[in-house]
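Colleague: The structure follows.
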Amino acid sequence: MIFVMLGTQNNPFQRLLEEIDRLMDKNVITEEVVVQAGYTKYQPRNEKMKIINFMPREELDTFEQKANFIITHGGVGSIITSLEKGKKVIAVPRLHQYGEHVNNHQTEIVEKFNKSGNIIGLQSVEELEEAIKKVPDFEPKPYIENNRKMLDLIENFIDNIK
């Protein structure tokens, strides 16, 4: 089972689910996909894709544990909780130009975790097919909490808004 986490902020990410559906049509993805969709409203074409808008933390944890790997948006919380459970993670940032977030800060978050070797980080949903093919051989580096680097990233982001 693949678990897809889209977080709980009021931001849609329909492009990612459309791409997953397309990859299911192509048989690139052949297993069940469970989606924690949050505010993303989506009607899947494939019956192997199950959409759950919101779920209790315990249920979310259960799906994370059972998943062969996780596909998530570029939210720090979703990435870190998956890494802490020892999961292989593909992360795709929400982008401002598609109305998916207020800015493009998730690109920086995904890039940081990708460069650290913790995740397979993408910059667009079009890269998802190749990323899924890399999962079996991907050996993520363990996540080591470093609050200073994350705080620097956030402070830099805030400074650039002003």
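Colleague: Among L83, L60, L6, what is the fewest-to-most ranking by other Cβ atoms within 10 Å?
Modeller: With the sparsest Cβ surroundings first, the list reads L60, L83, L6.
Colleague: To make sure I understand, if each residue's beta carbon is the centre and we count other beta carbons within 10 Å, what order do S82, S124, S116 fall in, fewest to most? It would help to have the intermediate numbers written out before the result.
Modeller: Numbers: S82 26, S124 12, S116 16.
Going from sparsest to densest Cβ surroundings: S124, S116, S82.
Colleague: Right, next: Which three lengths, in whole Å and largest first, does the range 32-101 cover when its Cα atoms are put on their principal axes?
Modeller: Here the Cα extents, ordered largest to smallest, are 32, 28, 20 Å.
Colleague: Sorted from fewest to most neighbouring beta carbons within 10 Å, what does the list D61, D21 look like?
Modeller: Details: D61 13, D21 19.
Exposure proxy ranking, most exposed first: D61, D21.
Colleague: Report the one residue of P93, L17, I2 whose Cα lies farthest in the direction of the positive end of the charge dipole of the range 2-161 (charges on C-beta: Lys and Arg +1, Asp and Glu -1; origin at the Cα centre).
Modeller: With unit charges placed on the Cβ atoms, the residue in question is I2.
Colleague: A further question on this structure: Full-extension gain between E84 and Q97, please, as 0.36 nm times their residue separation minus the C-alpha to C-alpha distance. Show your work: numbers first, answer last.
Modeller: Details: separation 13, 0.36 × 13 = 4.68 nm, distance 3.10 nm.
Working it through step by step, the gained length comes to 1.6 nm.
Colleague: Then there is this: Show the residues, 5+ positions off or on another chain, whose built amide H is closer than 5 Å to the amide H of Y39.
Modeller: N11
Colleague: Spelling out what I want: for every residue of the range 97-104, take phi, set θ = phi - 60°, compute 6.51 cos²θ - 1.76 cosθ + 1.60 (Karplus), and round to whole Hz; glycine and proline get x.
Modeller: These are the phi-based 3J(HN,Hα) values: 4, 9, x, 8, 6, 6, 7, 10 Hz.
Colleague: Something else about it: Please list the non-local residues whose amide H lies under 5 Å from the amide H of E100, H modeled 1.01 Å from N, same-chain partners needing a gap of 5 or more.
Modeller: Under 5 Å from the amide H of E100: L95.
Colleague: Now for a separate question. Mean-square fluctuation check for the chain, GNM, Cα pairs under 10 Å: which of Q123, Q36, Q97 is largest?
Modeller: It is Q97.
Colleague: Enumerate the amide H contacts of F69 below 5 Å, restricted to partners 5 or more residues apart or on another chain; note that Pro and chain-start residues carry no placed amide H.
Modeller: It is F3, by chain and number.
Colleague: OK, next. May I ask you to derive the relative contact order of the range 1-146, considering only C-alpha pairs under 8 Å and at least 6 residues apart, and to give it as an integer percent?
Modeller: Values: 263 pairs, mean separation 32.2, N = 146.
Once normalised by length, the contact order is 22 percent.
Colleague: How big is Rg to Rh over the range 1-48, alpha-carbon atoms, Rh as the Kirkwood inverse-mean-distance radius? It would help to have the intermediate numbers written out before the result.
Modeller: On the way: Rg = 10.5 Å, Rh = 11.0 Å.
Dividing the radius of gyration by the Kirkwood radius yields 0.95.
Colleague: Related question: If you stretched the chain out fully between F54 and Y39, how much longer would it get, using 0.36 nm times the residue separation minus the C-alpha to C-alpha distance?
Modeller: Values: separation 15, 0.36 × 15 = 5.40 nm, distance 0.84 nm.
Extra length available between F54 and Y39 comes to 4.6 nm.
Colleague: Then there is this: Per-residue HN-Hα couplings for the range 33-40, Karplus 6.51 cos²θ - 1.76 cosθ + 1.60 at θ = phi - 60°, whole Hz, x for Gly and Pro?
Modeller: Each residue's phi maps through the Karplus curve to give 10, 10, 10, 8, 8, x, 8, 7 Hz.
Colleague: With θ set to phi - 60°, apply the Karplus curve 6.51 cos²θ - 1.76 cosθ + 1.60 along the range 56-64 and write out the HN-Hα couplings as whole Hz, x wherever there is a Gly or Pro.
Modeller: x, 3, 5, 5, 4, 4, 4, 5, 4
Colleague: With only alpha-carbon pairs counted, each pair once and no self-pairs, how large is the Kirkwood hydrodynamic radius of the chain in angstroms?
Modeller: Details: mean 1/r = 0.0628 Å⁻¹.
So the Kirkwood estimate lands at 15.9 Å.
All of the numbers you see were taken from the coordinates with simple rules; none came from a lab. These numbers were taken from a predicted model, which means no experiment stands behind them. Cβ sites come from the backbone with ideal geometry, for glycine too, and all protein chains shown count toward neighbours.
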